[in-house]
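Heads up: the structure comes next, in structure tokens.
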Amino acid sequence: MEHEPKTLQQAIVYFADPERCFQFLKARVFPNGAICPTCQSKDLRFIATRRLWECKTKHPKRQFSIKVGTIFEESPIPLDKWLTAVWLIANCKNGVSSYEIHRAIGVTQKSAWFMLHRIRLALRAGTFEKMGGPGSEVESDETFIGGKAKNMHAKRRAQFKAARESSMTGDANLVNKTVVWGVLDRESRTVRATVVPKVNREALQTAVLNQVAHGSKIYTDEASIYKSLPKEYTHEFVNHMERYVNGQVHTNGLENFWSLVKRTLSGTYVAVEPFHLHRYLDEAMFRYNNRAKKDNPLNDADRFDAAVRQIVGKRLTYKELTGKEEGWKEAF
Ligand SMILES: [Zn+2]
């Protein structure tokens, strides 16, 4: 579509018009024309005054709006506020708190919190495709998130260190931290990160097997956890004595991502329950994987577009994914 907004200021002005919100979403939700979400029929009547479609087939829920099946469904918050929130979260490098959303767009902080979680849900990559592949190079590493090490009692810090280095125990609960494991594909320069139950050989090797394609060359640090990875992978680890001998063997790419995540978590989101950590990871991954690169200079409008497309792409799975969560009606 022509003349779509390029900056936050333009987006706020542009989406103040409900017709533009509708047209913007329609082009993304129904690129090939509207479809009844109940019976998949294309034989519909459009009620322009209410921006609703009505299916000509007789069945319950014949009328539906552009929000149906998306993360906006059943939300009483108007689309202009939703789209502004999506713009903010897709583009603020260090994240945006529910308090900031509350003040910026004029919804309650509780509403802002629910909006942010739903947007994060939409930003989840949602792919089961493995990273890497024959001959490709990936970095694999894990990190601990939560409870600051510097505030820890010396004995607990020693336990933490032991957990990090041991391949036998490594129970993160021991040190009140959540373990996050990640993989970075050197070629696409994208990451995938996930919360893992423990930091032991079994948990991390399972993560590698689930997320990394056979034939990949995996670079890790020296942790004994990664030693004896299955023979389907080529494994090289950082040897601190020889690290300058082979400059390819490092996990610096992932370490940069970890510092980005930690900066966001400690700066913007003061308290993150371990239960919700994966959602913050989804958000951080979205921004990282859609960052501007020399060969792909994405801008704010491109990231916003990508985020909205993921939101509408969640049409079929939204209910399934949120089945265990509080519904909108409880949230407001
Ligand atoms: Zn129908």
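The values are calculated or read from the model by the stated rules, or taken from the named source; none is laboratory data. Note that this is a predicted model, so its numbers are computed, not measured. When we count neighbours, we look across all protein chains shown, and the Cβ atoms used for this are built from the backbone with ideal geometry, even at glycine.
Taking VAL13, is it of a type in the set (A, V, I, L, M, F, W, C) and either surrounded by 17 or more Cβ atoms within 10 Å (Cβ to Cβ) or within 12 Å of the ligand (Cβ to nearest atom) (or both)? Show your work before the answer.
Values: of a type in the set (A, V, I, L, M, F, W, C): yes; either surrounded by 17 or more Cβ atoms within 10 Å (Cβ to Cβ) or within 12 Å of the ligand (Cβ to nearest atom) (or both): no.
Here the answer is no, as VAL13 does not meet what is asked.
Please specify each residue of the stretch 210-268 satisfying the condition of being among the aromatic types (Phe, Trp, Tyr), modelled with pLDDT under 85 and either under 20 Å from LYS198 (Cβ atoms) or surrounded by 12 or more Cβ atoms within 10 Å (Cβ to Cβ) (or both). Don't jump to the end; show me each part of the working.
Kept after step one, since they are among the aromatic types (Phe, Trp, Tyr), are these residues of the stretch 210-268: 219, 226, 233, 237, 244, 257-258.
Applying the additional criterion that residues be modelled with pLDDT under 85 yields 226, 237, 244.
Hits for the stretch 210-268 are TYR226, PHE237.
Which members of the stretch 47-64 meet the condition of being within 26 Å of ASP305 (Cβ to Cβ) and either touching a Pro at 6+ places or on another chain (Cβ under 7 Å) or away from the ligand (no atom under 14 Å from the Cβ) (or both)?
Filtering the stretch 47-64 for residues within 26 Å of ASP305 (Cβ to Cβ) gives 48, 51-53, 64.
ALA48, ARG51, PHE64 - these are the residues of the stretch 47-64 that are within 26 Å of ASP305 (Cβ to Cβ) and either touching a Pro at 6+ places or on another chain (Cβ under 7 Å) or away from the ligand (no atom under 14 Å from the Cβ) (or both).
So the check is Cβ under 8 Å with 6+ separation or different chains; which pairs have a first residue in the stretch 179-191 that's crowded, with 24+ Cβ neighbours inside 10 Å and a second one that's charged (D, E, K, R) and in a loop (DSSP other than H, G, I, E, B)?
Close Cβ pairs (under 8 Å, with a partner that is charged (D, E, K, R) and in a loop (DSSP other than H, G, I, E, B)) amount to VAL179/LYS198.
Select from the stretch 70-98 the residues that are modelled with pLDDT of 90 or more, in contact with an Asp or Glu (Cβ under 8 Å, 6 or more places away or on another chain) and more than 19 Å from ALA27 (Cα to Cα) and list them in ascending order.
Matches in the stretch 70-98: LEU88, ILE89, ALA90, ASN91.
So in the stretch 18-46, with the set limited to residues that are surrounded by fewer than 12 Cβ atoms within 10 Å (Cβ to Cβ) and away from the ligand (no atom under 16 Å from the Cβ), which one is farthest from HIS59 (Cα to Cα)?
GLU19
Name the residue that is surrounded by the fewest Cβ atoms within 10 Å (Cβ to Cβ), counting only residues in the stretch 199-209 that are in contact with a helix residue (DSSP H, G or I) (Cβ under 7 Å, 6 or more places away or on another chain) and within 25 Å of TYR288 (Cα to Cα).
LEU204
In the stretch 51-110, what count of residues is obtained for those that are touching a Ser or Thr at 6+ places or on another chain (Cβ under 6 Å) and part of a loop (DSSP other than H, G, I, E, B)? Show your work before the answer.
Step one: filter the stretch 51-110 for residues touching a Ser or Thr at 6+ places or on another chain (Cβ under 6 Å), giving 52, 55, 57, 59, 61, 94-95, 97, 105, 109.
Right, trim to part of a loop (DSSP other than H, G, I, E, B) and you get 57, 59, 61, 94-95, 97.
Going through the stretch 51-110 one residue at a time, the tally reaches 6.
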